[in-house]
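Participant: One structure, as structure tokens, below. Some questions next.
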Amino acid sequence: TVMARHLFLSLSLGKNAANLTRSRVVLNEVLHQQGLNFPELVIENGSGLSRRARISTEHLNQLLLVIWRDSLMPELVSTLPVIGLDGTLKRRYKNHNLKGKAHFKTGTLNDAKALAGFFHAQNGKRYALSILIHDSRAYAAQPIVDALLDWLDTQNL
């Protein structure tokens, strides 16, 4: 969270001190250069820990697909936890057939649960996947997320 905020602020480094407003402008310029328009996007503090932060799953997936095609994709993907092996996903799927099959960033706050990244299915295909749940019972959605991942792993889409 601190590192994410500093990374976001580094977008506006220059002759003046970095600030959130300029970092938002730079981010929007980069998105525009990539042909991406996310009118609902709200980045409050850059840390990801904000009740005001907003992005749609459609746009998050579009961003993941742009990242996948970028020459720096391996560096980004290597920073994401691997399910069942490390980070926030070390314990989840540890003894499951999904172990090692995805690089995902997770997020959990009261009334919110998120999972986004890249899934490597049995059929050899890779999928960008974004799940954003905003509900007072978001914590109870884990079995549904697990079932979706199991289903996606066995499909030939």
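Participant: For the condition small (G, A, S) and either part of a helix (DSSP H, G or I) or within 20 Å of K113 (Cα to Cα) (or both), what is the one hit in A18, A4?
Facilitator: Selected residue: A4, the only one of A18, A4 that is small (G, A, S) and either part of a helix (DSSP H, G or I) or within 20 Å of K113 (Cα to Cα) (or both).
Participant: For T21, are the conditions met, namely being within 18 Å of L132 (Cα to Cα), exposed (fewer than 15 other Cβ atoms within 10 Å of the Cβ) and polar (S, T, N, Q)?
Facilitator: no
Participant: Hey, another quick one. Please specify each residue of segment 44-78 satisfying the condition of being under 14 Å from the mean Cα position of the chain (by Cα), surrounded by 11 or more Cβ atoms within 10 Å (Cβ to Cβ) and not in a helix (DSSP H, G or I).
Facilitator: If the condition is that a residue be under 14 Å from the mean Cα position of the chain (by Cα), surrounded by 11 or more Cβ atoms within 10 Å (Cβ to Cβ) and not in a helix (DSSP H, G or I), then G46, S47, G48, L49, A53, R54, I55, S56 are the ones that fit.
Participant: Right, here's the next one. Only residues that are open to solvent by 80 Å² or more (accessible area, probe 1.4 Å), within 25 Å of H59 (Cβ to Cβ) and not in a strand (DSSP E or B): list them for segment 114-135, please.
Facilitator: K125, the sole residue that qualifies.
Participant: Consider R24 against the criteria (1) assigned to a loop (DSSP other than H, G, I, E, B); (2) out of contact with any Gly (no Cβ under 7 Å at 6 or more places or on another chain): it satisfies all of them except one. Which criterion is unmet?
Facilitator: So the condition that R24 fails would be (1).
Participant: For segment 113-157, name all the residues that are touching a residue at least 40 places away in the same chain (Cβ under 8 Å) and of a type in the set (G, A, S).
Facilitator: Those that are touching a residue at least 40 places away in the same chain (Cβ under 8 Å) and of a type in the set (G, A, S): A116, G117, A128, S130.
The values are calculated or read from the model by the stated rules, or taken from the named source; none is laboratory data. Not measured: the values here are computed from a predicted model. Cβ atoms come from the backbone with ideal geometry, glycine included; neighbour counts cover every protein chain shown. Each accessible area value is taken on the protein alone, full model and side chains, heavy atoms only, with ligands, DNA and RNA left out. Shrake-Rupley method; radii C 1.70, N 1.55, O 1.52, S 1.80 Å.
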